[in-house]
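*Asks:* One structure, as structure tokens, below. Some questions next.
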Amino acid sequence: MEKEATLNYSNDDITILWKPSLCIHSAKCWKGATGLLEVFNPQLKPWINPTGASTDKIIAQVNQCPSGALSYRHNKSVELQAPVISETVVETVAGGPLLVHGDLLVKDHRGQESKKSKVTAFCRCGNSANKPFCDGSHRAHKFEG
């Protein structure tokens, strides 16, 4: 079984964790009025600069990640937990994934289980290389569902 890659970017307070295989490239982390370009800049390498903003701003931005590809932990080995959502909400994104908000246990076709919390993005276009999860392939295939 191949282990899912997780990249780490640290400042004095927290470590930002990025799981590329979960990323749906929504660009919410860096683009638009609510983006945090000084931390998340896809035109730079590395694309995450954990010293570009305050820890509070980074945490607020990471919490907006719709796929759960971005997360964080305190560097003092105390992992912050996302607030528990008491109900599960399913949301269809036009031309994109199915977002499920809440705590989930997902079983893949091999019977492998993974626990997901916050938001999980599921593929609707059928082209993801990371099924059942969305990998952003819907954009290249111009999915309109």
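The values are calculated or read from the model by the stated rules, or taken from the named source; none is laboratory data. It should be emphasised that the depicted structure is a prediction, and the values quoted were computed from it without experimental measurement. Note: ideal-geometry Cβ built from the backbone for every residue, glycine included; neighbour counts use all protein chains shown.
Residues checked against (1) over 22 Å from Ile48 (Cβ atoms); (2) assigned to a strand (DSSP E or B); (3) at pLDDT 85 or above; (4) small (Gly, Ala, Ser):
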site	(1), (2), (3), (4)
Gln64	no, no, yes, no
Tyr72	no, yes, yes, no
Val78	no, no, no, no
Ser114	yes, yes, no, yes
Gly126	yes, no, yes, yes
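*Asks:* Mind checking which residues of region 26-48 are under 14 Å from the mean Cα position of the chain (by Cα) and surrounded by fewer than 12 Cβ atoms within 10 Å (Cβ to Cβ)?
*Replies:* Hit for region 26-48 is Ala27, nothing else.
*Asks:* For residues that are of a type in the set (Phe, Trp, Tyr) and modelled with pLDDT under 95, tally how many sit in region 10-56.
*Replies:* Number satisfying all stated conditions: 2.
*Asks:* Condition first: of a type outside the set (Val, Ile, Thr) and crowded, with 17+ Cβ neighbours inside 10 Å. Now tell me which residues in region 53-81 satisfy that.
*Replies:* Result: Ala53, Gln61, Cys65, Pro66, Ser67, Gly68, Ala69, Leu70, Ser71, Tyr72.
*Asks:* Let me ask you something else. Please pick out the residue among Thr120, Thr51 that is within 25 Å of Thr15 (Cβ to Cβ), within 12 Å of the chain's Cα centre (by Cα) and β-branched (Val, Ile, Thr).
*Replies:* Every option except Thr120 fails the conditions.
*Asks:* Of a type outside the set (Gly, Ala, Ser), in a loop (DSSP other than H, G, I, E, B), outside the structural domain of Lys131 (by TED's automatic domain parsing) and buried (at least 20 other Cβ atoms within 10 Å of the Cβ) - does that describe any residue in region 2-20?
*Replies:* no
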